[in-house]
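Report on one structure; see the data block that follows.
Read the figures in this text as sums done on the coordinates, not as results from a lab. Because the structure is predicted, anything quoted here is derived from the model rather than measured. Cβ sites come from the backbone with ideal geometry, for glycine too, and all protein chains shown count toward neighbours.
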């Protein structure tokens with residue numbers, strides 16, 4: 001399909017009497033409709049796992065956890081049990097709850113240590129970049145306190161996938177080839193197939209992880225954070241200069257938190273609070289609300305320029321304020337509409353501004369997202385990541401647990417809210433989202449893509465409210481992102497838009513990979529669930 005035809009298809013897609021209308025002459029995805037339960041995620045085997053759990057009587061939390069664990073085997077370059085997660089969920093009682101499953105820096109590590117060694121940033125593929133993986137603690141806590149089926153049932157599909165293996169999907173193979181160069185030491189044995197990067201269709205197995213999951217199924221959370229498995233992780237990291245201790249792992253604990261939210265037109269977007277950067281999305285939406293976005297061409301240069309400028313200003317604010325919730329002191333200033341109005345006044349519709357600051361923290365784009373809704377109306381928005389492609393590139397020697405490098409999300413700037421300190425959580429790029437309308441939850445959603453995620457949340461909300469796009473069309477629509485002075489513009493935009501943006505002063509480029517990915521489930525007034533899944537990934541929405 002040529003660019004103008006695709007643009008026309010996006011413009012013409014709309015909601016009409018509750019039915020989604022698209023031009024079936026063109027390639028594209030119809031939303032998935034079902035009534036009993038739904039999952040949307042980035043890999044079909046993860047979605048299938050979640051639906052199997054729902055059909056067995058599990059709730060949406062059970063389904064999301066089981067699906068996420070399988071995704072760690074299907075997309076090991078993106079996520080896994082050595083990573084972190086954030087979760088929003090809603091049980092039908094009017095409250096959205098939040099769980100912070102992000103880990104902390106080892107208590108014996110401090111920014112001063114790295115500054116004394118001559119470092120200006122946390123080395124991305126070093127043991128110092130490895131914060132304690134906390135997703136497993138969150139999954140175990142949620143399974144016990146919110147789920148229905150029990151941890152052993154939720155681990156079973158991932159154990160089977162890790163033991164028997166899964167065929168490498170096309171997008172996964174593409175990412176694997178791009179990111180495998182960071183693998184080091186024992187990770188080369190665990191994450192290459194016969195010594196080489198796997199091709200699409202080759203079987204990937206993770207028998208060491210299967211054993212870890214089996215022990216967790218038998219002994220629970222402590223099987224991961226104590227004993228032989230924890231010793232394997234600590235010994236591997238210590239051998240590479242890490243300051244990690246068994247006590248760091250034992251003390252790992254997820255944290256319940258209170259969501260933050262903001263209005264955009266007639267919807268309310270709900271985000272996870274810091275140390276995630278959901279507040280950046282809310283600030284960006286507040287900035288956009290100062291303009292008549294709905295009067296603009298949805299795929300035109302005027303809107304694309306405005307979003308880029310709003311993102312620069314919102315991200316600059318993030319860079320000054322956000323970090324561990326215990327160290328973030330100006331959150332309300334960031335969410336105040338007066339702040340957004342003052343920033344919006346700085347935007348010149350005829351000229352691109354330079355980035356206000358250069359961030360020293362690592363911000364990257366690799367993660368998975370899964371959303372589930374069950375027959376009782378429980379909705380879950382879960383995001384789960386090891387940060388960079390293949391994380392730190394370090395895997396535990398015995399079991400092959402691949403470590404995240406979230407610690408590289410700290411800054412070494414003295415006195416900054418996000419300065420590296422032992423026992424502290426770094427600023428995170430991953431953010432689950434939910435949308436409420438008239439006080440009612442209508443859509444869990446998420447946008448993958450690291451630093452892009454706040455801009456992705458804002459664009460998704462704008463697509464739905466300003467241009468009446470259904471969720472699938474809102475996800476399909478092309479994306480652009482001004483990333484550290486590089487204005488990345490997907491192929492879905494016309495060459496004229498690219499020229500216009502260049503004339504405005506943007507340094508325009510065609511990104512090597514599509515910008516992020518997204519998943520969403522609309523809970524319609526008639527009780528029908530409408531799942532949408534991003535074609536930029538291998539995944540899909542499934543319902544029953």
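Values for this structure:
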quantity	calculated
Extension reserve of the residue 108-residue 36 stretch, reckoned as 0.36 nm per residue once the Cα distance is removed	21.0 nm
Nearest-0.05 FRET efficiency for residue 414 and residue 490, computed from C-beta distance (R0 60 Å)	0.95
Inter-site label distance for residue 23 and residue 115 at 7 Å from Cα along Cβ, in nm	5.9 nm
20 Å cut-off, amide nitrogen to a point 7 angstrom out along residue 438 Cα→Cβ, residues in the range 454-497	464-471
Rounded, prolate or oblate (a/c below 1.5 giving rounded, otherwise prolate when a/b exceeds b/c) for the range 343-495 by Cα gyration tensor	oblate
Neighbour-count ranking [beta-carbon atoms within 10 angstrom, fewest first] of 146, 270, 380	146, 270, 380
The range 377-408-the range 266-286 distance, computed between alpha-carbon centres (Å)	23 Å
Segment residue 329-residue 181, extension gain: residue separation times 0.36 nm, minus the distance between their alpha carbons	49.4 nm
Tensor-based shape of the range 383-449 (alpha-carbon gyration tensor, a/c under 1.5 rounded, otherwise prolate or oblate)	oblate
Label corresponding to Kirkwood radius over Cα pairs in Å when calculated from the structure given, among (1) 26.5; (2) 23.0; (3) 24.0	(2)
Three-way shape call for the range 412-516 based on the alpha-carbon gyration tensor, with the a/c threshold at 1.5	oblate
Per-pair calculated FRET efficiency, R0 = 22 Å: residue 499 and residue 351 via Cβ, rounded to 0.05	0.90
Rough spin-label spacing in nm, given labels placed 7 Å along Cα→Cβ, for residue 55 and residue 247	5.0 nm
Net lengthening on full extension, residue 509/residue 194 (0.36 nm per residue, minus Cα-Cα)	109.8 nm
Distance in nm between pseudo-label sites at residue 341 and residue 97 (7 Å out along the Cβ direction from Cα)	3.8 nm
Förster radius 35 Å - calculated FRET efficiency between residue 544 and residue 222, Cβ distance, rounded to 0.05	0.50
